[in-house]
1. Quick one: which helices (runs of 4 or more DSSP H) sit completely within segment 1-103 and have at least 2 residues that are farther than 24 Å from residue 237 by Cα?
2. Write out, first by first residue and then by second, each pair whose Cβ atoms fall under 7 Å of each other, whose residues are 6+ apart or on separate chains, and whose first residue, in segment 188-215, is more than 18 Å from residue 122 (Cα to Cα) while the second is assigned to a loop (DSSP other than H, G, I, E, B).
3. Taking into account only those residues within segment 8-38 that are under 20 Å from residue 148 (Cβ atoms) and among the polar types (S, T, N, Q), which is least open to solvent (accessible area, probe 1.4 Å)?
4. Would you point out the residue of segment 212-245, among those that are in contact with a strand residue (DSSP E or B) (Cβ under 6 Å, 6 or more places away or on another chain) and part of a loop (DSSP other than H, G, I, E, B), that is modelled with the lowest pLDDT?
5. Quickly run through segment 1-41 and pick out the residues that are hydroxyl-bearing (Ser, Thr, Tyr) and touching a Gly at 6+ places or on another chain (Cβ under 9 Å).
6. Does segment 69-86 hold any residues that are at pLDDT 95 or above and either small (Gly, Ala, Ser) or touching a Cys at 6+ places or on another chain (Cβ under 9 Å) (or both), and which are they?
7. Yes or no: segment 140-149 includes at least one residue that is open to solvent by 50 Å² or more (accessible area, probe 1.4 Å), more than 21 Å from residue 9 (Cβ to Cβ) and either outside any strand (DSSP E or B) or small (Gly, Ala, Ser) (or both).
8. Of the residues in segment 39-57, how many are open to solvent by less than 20 Å² (accessible area, probe 1.4 Å), within 19 Å of residue 81 (Cβ to Cβ) and of a type outside the set (A, V, I, L, M)?
Amino acid sequence: MVSTVENHYAQHLGPLYLWMVGDLDSALARAGAELDTLQLPSKAAGAAVDLGAGFGLHAIPLARRGFAVVAIDSYEPLLQELLARKGNLPIRTVTSDLRDFRTHIAAPLDVILCMGDTLTHLASLACVETLCREVAASLAPGGLFVATFRDYVSAPLCGDSRFIAVRSDAERILTCFLEYADSTVTVHDVLHQREEGAWRLRVSSYLKLRLSPQWLSERLKSLGMTVNRDTVGGGLTRIAARMPA
């Protein structure tokens, strides 16, 4: 049975998320290094939003670089992890659907992030297109929108390559299996976990959107933004779109 994104995270993937990341200090350092390649706006005390912020993988290094960050996620426990780690950094957390981000901001934004395959969690291309319009309407002149996501369109995986080892240790083994349809891909997250000396199997599945990098680039360009596209760590596509100064 295919679950909703919200239920999949609440009941299956969310509690595993920090374990999946591994060493958090190293992950935060990599995220900070990625931000440093983006030519962030140099405005002092800039305003930023992180859509799908989770435990703050990008929100924390963004705040360390002088931005006041609104971190939005629908999964409250990860935002609680962010609050526990942020110290005195200027980060405000909001438990909400990322599509409603404009209700939680009061001024034009210098940076909007949507990282780590979050965009493909949206239900349809129409939802992505609406989000793009909201982003363009929210950015200040020279403001930057950055999204990273998996390209499930250009080169669909076939056969055994659809089985992907995510992470394993002595107590857990997490594997995902991809099942392609015309506009979506069903992600089956398969967890083997040791409990009381025996392995227990848990499986949960949810839909992701097959989002074309070319399609997204064209939509952002149609909103007056200049767009750069490349590939970053983990095989993610990165779209960086900037409003005119």
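1. Working: elements: 5-8, 17-21, 24-36, 59-64, 76-85.
Hits in segment 1-103: 76-85.
2. Listed by first residue and then by second, the contacts come to 193/171; 194/171.
3. Top of the filtered list is 26.
4. Filtering first and then ranking leaves 245.
5. Restricting attention to segment 1-41, the residues satisfying the condition of being hydroxyl-bearing (Ser, Thr, Tyr) are 3-4, 9, 17, 26, 37.
Scanning segment 1-41 gives a single hit, 17.
6. Scanning segment 69-86 gives 71, 84.
7. At the first step, the residues of segment 140-149 found to be open to solvent by 50 Å² or more (accessible area, probe 1.4 Å) are 141.
Still in the running and more than 21 Å from residue 9 (Cβ to Cβ): 141.
When the remaining residues are screened for being either outside any strand (DSSP E or B) or small (Gly, Ala, Ser) (or both), the result is none.
The answer is no; no qualifying residue exists.
8. Of the residues in that region, 4 qualify.
The values are calculated or read from the model by the stated rules, or taken from the named source; none is laboratory data. On a predicted model such as this, the values are computed, not experimentally measured, just so you know. Note that we place each Cβ from the backbone using ideal geometry, even for glycine, and neighbour counts take in every protein chain shown. Calculation scope for accessible area: heavy atoms of the full protein, side chains included, ligands and nucleic acids excluded. Shrake-Rupley method; radii C 1.70, N 1.55, O 1.52, S 1.80 Å.
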